[in-house]
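The values are calculated or read from the model by the stated rules, or taken from the named source; none is laboratory data. Just so we're clear, the structure is a prediction, and the values are computed from it rather than from any experiment. Neighbour counts are summed over all protein chains in view; Cβ atoms, including those assigned to glycine, are modelled from backbone coordinates with ideal geometry.
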């Protein structure tokens, strides 16, 4: 189905095409100079000492678990209201995901009070998700982590350049993890990056991303090494230079794109205020954020009503989505499941409206006027 207003629009132009052609013509397309350039640029923008380019945010989360020493039987506290990769990364190392509820319809972030309630002698880390690019209360999170001597992983895949009290997300905890998936603020099709200020974590992740090899192909081809050892059981989690070249262009575009998204968010906030039957999460946030998506939550609703509203919006040419089904309700996570009332309500009643920098004020008004009309009929 072709939508009048799609959920997302890829921010590509001739610059990405030129970067790919240039990389192909260089005759080096696997991990090499473009990946190194991307890592250096990303660290400079986020404000961390180190970045490691990877094949996905999932790979970043997995390697973060290993580098932080999370092992079989350890517990990691994580929100259920996020994409399943956050919890999957915990299971990859045979650790136990302990799901914590979100604060509520006004704040879709994991609740620090719920985190502390779930800490046991087996707890080794907290994995927070900066939902839609809006920051979790990191002062509270870091205070809890320091109190109980826990590691902190920031899943910041929604939040490149988002800020918390002047600091960029992904630079506050022990590790930050970002996604370059096709619908993210920075898009390379597939890809991700891990950030840290800890040299030991950096060296460990860099080693593990390529089979535990002590030198990479690009180093050997450049004459910096002629042999290598394999010193750890690593993975093939490398990014390639073709996608990294796209990422470098996307990084250059990012500040301007986010400024435009901020304007789109302001238009939405103005128009949505007149609809009493919805809640707009994070409405009181004053930080600079990525505005990765635009979530709303239906009040006094259920999943049947939510799907009716979405169907009507689609019939009017407005594409929507749902972010996200609750992880603890998936079949594979039944053994770790228990009631999370805020998460379950939002998962059944959230609608993600179109959000991208190319939306006009008239586009936003059309989306909101259509939504208002549908809700008046329900």
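Out of curiosity, is residue 152 under 22 Å from residue 42 (Cβ atoms), outside any helix (DSSP H, G or I), touching a residue at least 12 places away in the same chain (Cβ under 8 Å) and in contact with a helix residue (DSSP H, G or I) (Cβ under 8 Å, 6 or more places away or on another chain)?
Details: under 22 Å from residue 42 (Cβ atoms): yes; outside any helix (DSSP H, G or I): yes; touching a residue at least 12 places away in the same chain (Cβ under 8 Å): yes; in contact with a helix residue (DSSP H, G or I) (Cβ under 8 Å, 6 or more places away or on another chain): yes.
Yes; evaluated as a whole, the condition is true for this residue.
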* Structure fact -> Those residues of region 1-16 that are within 18 Å of residue 190 (Cβ to Cβ) and exposed (fewer than 15 other Cβ atoms within 10 Å of the Cβ) come to a total of 2
* Any chance region 164-174 includes a residue that's in contact (Cβ under 8 Å) with a residue 24 or more places away in the chain, farther than 14 Å from residue 135 by Cα and in the same structural domain as residue 33 (by TED's automatic domain parsing)? -> yes
* Residues of region 44-65 being buried (at least 20 other Cβ atoms within 10 Å of the Cβ) and either at pLDDT below 95 or part of a helix (DSSP H, G or I) (or both), which ones? -> 46, 57, 58, 59, 60, 61, 62, 63, 64, 65
* Among (1) surrounded by fewer than 22 Cβ atoms within 10 Å (Cβ to Cβ); (2) out of contact with any strand residue (DSSP E or B) (no Cβ under 8 Å at 6 or more places or on another chain); (3) part of a helix (DSSP H, G or I), which single condition is residue 347 missing? -> (1)
* For the subset of region 131-149 comprising residues that are touching a helix residue (DSSP H, G or I) at 6+ places or on another chain (Cβ under 9 Å) and outside any helix (DSSP H, G or I), which member is nearest to residue 289 (Cα to Cα)? -> 136
* Structure fact -> Subset of region 318-332, residues outside any loop (DSSP other than H, G, I, E, B), in contact with a strand residue (DSSP E or B) (Cβ under 7 Å, 6 or more places away or on another chain) and surrounded by fewer than 19 Cβ atoms within 10 Å (Cβ to Cβ), comes to 321
* Do any residues in region 78-97 that are closer than 21 Å to residue 350 by Cβ have Cβ atoms under 7 Å from those of residues that are assigned to a loop (DSSP other than H, G, I, E, B), where the two are at least six apart or on different chains, and which pairs are they? -> 80/326; 80/340; 81/324; 81/326; 82/324; 83/324; 84/330
* Is there any pair linking a residue in region 294-313 that is more than 10 Å from residue 346 (Cα to Cα) to one that is assigned to a strand (DSSP E or B) and at pLDDT below 95, with Cβ under 7 Å and at least six apart or on different chains, and which? -> none
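Is one or more of the residues making up region 196-218 loosely packed, with under 13 Cβ neighbours inside 10 Å and modelled with pLDDT of 80 or more?
The answer is yes, given that some residue of region 196-218 is loosely packed, with under 13 Cβ neighbours inside 10 Å and modelled with pLDDT of 80 or more.
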